[in-house]
Amino acid sequence: MPPATTRPDTVGFVIPYFDDGSAWRRDCLRLTLASLERQTDPAWSAYLVDDASPAPDTAEFLAGLASSQSGSLTVLRAPRNAGAGQARNLGIEAAHRDGHALLAYLDADDLAHPDRVAAVRAAFAADPELDFAYNDVAFIDEHGAPWDPERLLPGLRMLDEQQRLPKLRGRERWREQAVERDNIAIPSAMNVRTDLALRVPFPEVPFCEDVATLFRYLGSGARIDHVPGVPTGYRVPLEGGSSSRKQSGGVDAFNRMRCRNERAGLEEAIATAVRRGAVDERTGREVLCRYLIRIGRTVSADGSPELGRSQLRQAHALDPETFAAHATAAERADLPAPSAAR
């Protein structure tokens, strides 16, 4: 359904929010919204989506925030608690109805750089074929202070290190994302044309829906680029580390969901690319095998070694030839011995 009005060069911020009633979580949201108020380019609106929060006074709290904002803030409520993916989809649809052709995702504890709207609008205006643009992140703690990179959890340290690699630009970059990068962007650093976001909605899974969606964006043939100079403030508390790992039940539980959800997104991206004729099925199988090798190494380094070994075993079963070409000698030696012939 086309929007009632069209604002082709304005940005709709989509912000999922889950309220447990804690003062810290609400203070973070206030800071997130304050970062929007500091935008140097006023051509934005925000869509704050309550993920069916259990706190009894959430609606009153969010209504008060909306009335105090000088910028445009629309508060929505999800019909059930289904995670950030569902919440973003509701915000995307609302922004589309209001005519926003561009979206910027922002989680409810992160901070938008003051020049993000200006930089995103300029990037999309300069390249009419651009579908997706990502910016860097700067790690901050619960007090807003910069993190020492050496103190980050292994997975976050990898993200920080990979920001220094050459940026992925152009089309068909889902293969590099799958086999060479852990993740090029967290949700709060993603900017996208609304029509792509509508065609490729977020899955309703509790964790790692962002990487799964990124695979599907790129597998659709989307053209991507990097927006420099506007890093998102990515909040990681000193105490407790990643909130996703804590909420999922610990590192091992998080990594299991990560492997399952990311693989589902990559498999869909591969299937889409095959249908488009961008790759053949053999190439798609090679990419999936190499992804399994990479994610096996990643989750092993992140504290889930047995899960990592299972990913390597799946890679070998999927494509022994590709596994032999890309696994290390130690990884090949760690495979179970073949059953003796009877």
Average projected area [Cα convex hull, the chain], square nanometres | 19.0 nm²
Using mean Cβ contacts within 10 Å as the protection proxy, how do 161-168, 285-292, 27-34 order, highest first?
-> 285-292, 27-34, 161-168
So what is the 222 nm mean residue ellipticity for the chain from helices alone, if each DSSP H run of at least 4 adds -39500 (n - 2.57) and you divide by all residues, rounding to the nearest 500 deg cm²/dmol?
-> -14500 deg cm²/dmol
Out of residues 5 or more away from Thr74 or on other chains, whose amide H comes under 5 Å of its own, with H placed 1.01 Å from N in the peptide plane?
-> Ala46, Tyr47, Leu48
Select from Phe124, Ala82, Ala95 the residue farthest towards the positive end of the dipole of segment 79-133; place +1 on Cβ of Lys and Arg, -1 on Cβ of Asp and Glu, and compute about the Cα centre.
-> Ala82
What angle, in degrees between 0 and 90 and rounded to the nearest 10, separates the Cα long axis of helix 23-37 from the longest principal axis of the Cα atoms of the chain?
-> 70 degrees
So which residue, out of Gly99, Gly221, Gly277, gets the largest mean-square fluctuation from a GNM of the chain using Cα contacts under 10 Å as springs?
-> Gly277
Stokes-Einstein translational diffusion, segment 78-193 - Kirkwood Rh over all Cα pairs, 1.567 mPa s, 4 °C, in µm²/s | 80 µm²/s
Label Lys167 and Leu31 with points 7 Å out from Cα along Cα→Cβ: what is the distance between them in nm?
-> 2.7 nm
Helix 84-97 axis, angle to the chain major axis (alpha carbon atoms, nearest 10°) = 50 degrees
With the 1.4 Å probe rolled over protein heavy atoms, the chain has an accessible area per residue in Å² of 43 Å²
Could you check how much of the accessible area of segment 133-265 is carbon and sulfur, as a whole percent, using a 1.4 Å probe?
-> 51 percent
Report the percentage of all Cα-Cα pairs in segment 1-155 whose separation exceeds 28 Å, rounded to a whole percent.
-> 22 percent
Write down, largest first, the equivalent ellipsoid semi-axes of segment 154-203 in whole Å, where each equals the square root of 5 times an eigenvalue of the alpha-carbon gyration tensor.
-> 22, 14, 10
Mean Cβ count within 10 Å, highest first, over the residues of peptides 78-87, 328-337 = 78-87, 328-337
Average Cα contact separation per residue, the chain, under 8 Å, 6 or more apart, as relative contact order % = 18 percent
Which of Asp51, Asp20, Asp302 moves the most in a Gaussian network model of the chain with Cα springs under 10 Å?
-> Asp20
Longest principal axis of the chain (C-alpha) makes with the long axis of helix 116-126 (C-alpha) an angle, in degrees to the nearest 10, of 70 degrees
Charged-residue dipole, Cβ positions (Lys, Arg, Asp, Glu), segment 201-342 about Cα centre, Debye nearest 20 = 120 debye
Using all Cα-Cα distances in segment 88-137, what percent lands in each 10 angstrom bin from 0 up to the longest?
-> 21, 51, 28, 0
Assign unit charges at the C-beta atoms only (+1 for Lys and Arg, -1 for Asp and Glu), then state the dipole size of the chain relative to its Cα centre in Debye, rounded to the nearest 20.
-> 880 debye
Stretched fully, the stretch from Glu180 through Arg80 gains (0.36 nm per residue minus C-alpha distance, one decimal, in nm) 32.4 nm
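The values are calculated or read from the model by the stated rules, or taken from the named source; none is laboratory data. Source: prediction; values computed, not measured. We place every Cβ from the backbone using ideal geometry, glycine too, and count neighbours over all the protein chains shown. The protein model used for the area step is the full one, side chains on, heavy atoms only, and it has no ligands, DNA or RNA in it. Shrake-Rupley method; radii C 1.70, N 1.55, O 1.52, S 1.80 Å.
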